[in-house]
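Take a look at the structure below.
Taken together, the values in this text are just the output of simple stated rules run on the coordinates, not laboratory data. Just so it is clear, the structure is predicted and the values come from calculations on it, not from any experiment. Don't worry about glycine lacking a Cβ; one is built from the backbone with ideal geometry, like all the others, and counts go over all protein chains shown.
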Amino acid sequence: MAAEKSERLLNLLIMLLVQRHYVSKERIREILYADSSPDAFEKMFERDKDELRSLGVPIEVGQIDAFFDDEPGYRIRPDEFALPDISLTSDEAAVIGVATKVWQHARLAEATTEAVRKLTALGIDVDLTALDIVEPRLSADEPSFDVFWEATQERTPVRFDYIRSGDTEVRSRHLQPWGVARYSGRWYVVGYDTDREAERIFRLSRVQGKATKAGPPGSYEIPPGTDVSEVARRLAPEPSTERVVLLVRKGAGHTLRRGADDVEEGVTGPDTESIWDRLVLERGALGLADEVLGYGADVYVEEPLALRVRVVDRLRAAVGEAMIGETA
Amino acid sequence: MSAQPSAKDQVARLLTLVPYLHAHGEVRLDDAAKALGVDPDQLFGDLKVLFMCGLPGGYPDDLIDVDLDALEGPDGVRADGVIKVSNADYLARPLRLSATEASAVIVALRALRNGAKDDTREVVDRALAKLEAAAAQGSGPGSAPGLAAAQIDPGDGAADTDLALLARDLQTAADRGRQVRLSYYIPSRDEQSERVVDPRGVVTAGHLYLDAWCHSAEAPRLFRLDRIDHAEVLDDPVETPQEGPRDLADGIFSQSSDVTPVTLLLEPEARWMPSYYPVEEVREVGDDRLEVVLLVADERWLTRLLLRLAPHARVVSPAGYADTFTAAAQRALSLYG
């Protein structure tokens, strides 16, 4: 049964692809649906067209005869149907191979692999097997991600329940999504809020329950020149970083040195057992005290004071002395 | 979206299979199945459908020719049979990328771009430009995948491109039996080192590791890929017998005998530790505290770990390790006068 339908779909595709002109519905029925009643044919043909279109097959509808508009015809233009030629150098093919390992999201990982299989079918050599050791990193666990991704592509309005930061009340929101962006490790959707009549940003992890599409595709235009990442950066809360000044023993603290904006060598240090260098870094506070502590007596905190107090307190607690500030 | 085998999926596979065969000439059934990510039996089933398709004339010459006899033996499908398909030139090109496919691959490449160093970034840019052009070209009215992808920004930190490419290069060097010169950072000693190794393979155990015979140590060693600053594949063939990498399923210390089991008591603030470090045992000991057993090969590594966790982890046994840690903390504290 499934095989029979596959044959019909593929034969329909071939028929519309090889004809230079529109093919009439009547001829399609004669050749591919000869055993079906007129009613059954209508239903099957509609469904078959939809299935081919959902694969991305561009079926065009047009008038066969310019003077009579009662008979529509169908065709697939080869240049619209086929993937254009792409020639890739081996290093370009290598990064595209790695791209198949990026998504940690089942549907998009599969879509990426499918795209690469089509490239392979063009004769491009992309080795997918050598990369099984690489861990995917781009996750999108938010349940509403798929809806916003699709809505962005189709330009479909979305309705969803949302809790604002620091708020407890769930509110229903209506948005024309312009795009989704990942910022500081979190996904956001930006767009035009039709209730507030202004551009807004929403964090997907704060969307409650299911987001639903509320309108037909192509309902609105994305303002020309919209740069989604720019809007996200402008509207999303800034991740806080601060200026950190550390004294690091010569030959130590390699990881810190790699992230340093500025290194001043041979400065006066807290002891004279070695030469010391001064590192200036721009960093978020998260995990910094842990990292500094890991270096033991090879790293000394000059600034900020809060970090210094945290480090000293934790060391005192570890050796059993009274603390000067609050517990970290 | 359904898991049921559907006619639609079968047609999609055939639209990739025919151009694949067209581009690659004569291909064995199992090779084609592997390249296209399908089961050989399924691929054979797909070819049987193709056999029934062709031009709308209805004459035998109009049908696509598939040599099914070459693929069927007395015991069923022959994986080593060579696929021969002809009379299907009008399907010689794959279907263009769907909007979702184009966006998914373009956004994945953008994530790679954001996570890459300059040299790699330049390569990714070239690949992106070609794919974006292909996605935009020939796409019908109303659907412009290239444009749709423009609305998705994966941001920073979504991909570790250089690490992935490094893993690929090192695995290739291992497969080809070539020596590699490594510039490697040893965190337990906070030290940068240069060494030449015979690579055996890239393995994963929490992190990615290169298993290799180290010429300086004259012993097998594991190198964490994210601590390799630079790796240069040399033209010299490996000096030790080529063997596959070790199986790290039992943890990275399982082969080594000179390790000490160390028991730590973790306060609630340090409960996250066992998810990030290989531990042998985890026990709940009340008040939200954990007791864990770690295998320690290098005491300096343990001291650094305890300093990071200070004051929320302490050594239960052996006592000597506790003293070393307290001394290190005391020394660090003395810097602040």
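Details
- Cleavage-rule hits, trypsin sites (Lys or Arg not before Pro), the stretch A:158-228, DSSP coil, Cβ neighbours within 10 Å at most 12: A:Arg196
- A straight Cα-to-Cα reach below 18 Å connects B:Lys84 with the lysines B:Lys34, B:Lys48, residues fewer than 8 places away in its own chain not being considered.
- Dividing the mean sequence gap of close Cα pairs (under 8 Å, 6+ apart) by how many residues chain A holds gives a relative contact order of 9 percent.
- Other residues within the sphere of radius under 13 Å centred on the Cβ of B:Ala79, judged by their own Cβ, net out at -4 (K and R +1, D and E -1).
- Relative contact order for the stretch A:241-319: 38 percent, from Cα pairs under 8 Å spaced at least 6 residues apart, divided by residue count.
- Axis of helix B:118-136 versus longest Cα principal axis of chain B: the two differ by about 30°, to the nearest ten degrees.
- Extending 7 Å from the Cα toward the beta-carbon at both A:Ala214 and B:Asp175 defines two label points whose distance is 5.2 nm.
- About the Cα centre, charge dipole magnitude for the protein assembly as shown (Lys/Arg +1, Asp/Glu -1 at Cβ), debye: 1320 debye
- Under-5 Å amide H pairs with A:Gly179, H placed in peptide plane, nonlocal only: A:Val190
- Cα-based shape type of the stretch B:7-91, given that a ≥ b ≥ c are square roots of the gyration tensor eigenvalues and the cut on a/c is 1.5: prolate
- Counting, for every residue in B:119-129, the Cβ atoms of other protein chains within 10 Å of its Cβ and taking the mean gives 4.
- Where chymotrypsin sites (Phe, Trp or Tyr not before Pro) in DSSP loops with at most 16 other Cβ within 10 Å are excluded, longest remaining stretch of chain B: B:52-271
- Counted by Cβ distance under 14 Å from B:Lys8, the other residues give a net charge of -2, where Lys and Arg count +1 and Asp and Glu count -1.
- Counting charges near A:Val280 (Lys, Arg +1; Asp, Glu -1) among other residues having Cβ under 14 Å from its Cβ returns a value of -4.
- Relative contact order (%) - chain B, alpha-carbon pairs under 8 angstrom, separation at least six: 9 percent
- Which of B:Val203, A:Val98 has the fewest Cβ neighbours within 10 Å, and the rest in rising order: B:Val203, A:Val98
- Cα-based shape type of the protein assembly as shown, given that a ≥ b ≥ c are square roots of the gyration tensor eigenvalues and the cut on a/c is 1.5: prolate
- Put in order of Cβ neighbour count within 10 Å, fewest first, the listed residues A:Thr100, B:Thr161 become A:Thr100, B:Thr161.
- Label-point separation in nm, A:Ser54 to B:Ala297, each point 7 Å along Cα→Cβ: 5.3 nm
- Length added when fully stretched, A:Arg164-A:Arg27, from 0.36 nm per residue minus Cα-Cα: 43.5 nm
- Ranked list, fewest to most other Cβ atoms within 10 Å of each Cβ, for B:Ser183, A:Ser6: B:Ser183, A:Ser6
- Computed E for A:Ser172/A:Leu235 - FRET, C-beta separation, R0 25 angstrom, nearest 0.05: 0.80
- Euclidean distance between Cα centres, the stretch B:173-196 to the stretch A:27-52, Å: 65 Å
- For the stretch A:2-81, the square roots of the Cα gyration tensor eigenvalues, ordered a ≥ b ≥ c, give a/c of at least 1.5 with a/b no greater than b/c, which places it in the oblate category.
- Springs join every pair of Cα atoms under 10 Å in this Gaussian network model of chain A, and among A:Tyr192, A:Tyr300, A:Tyr183 the largest mean-square fluctuation is at A:Tyr300.
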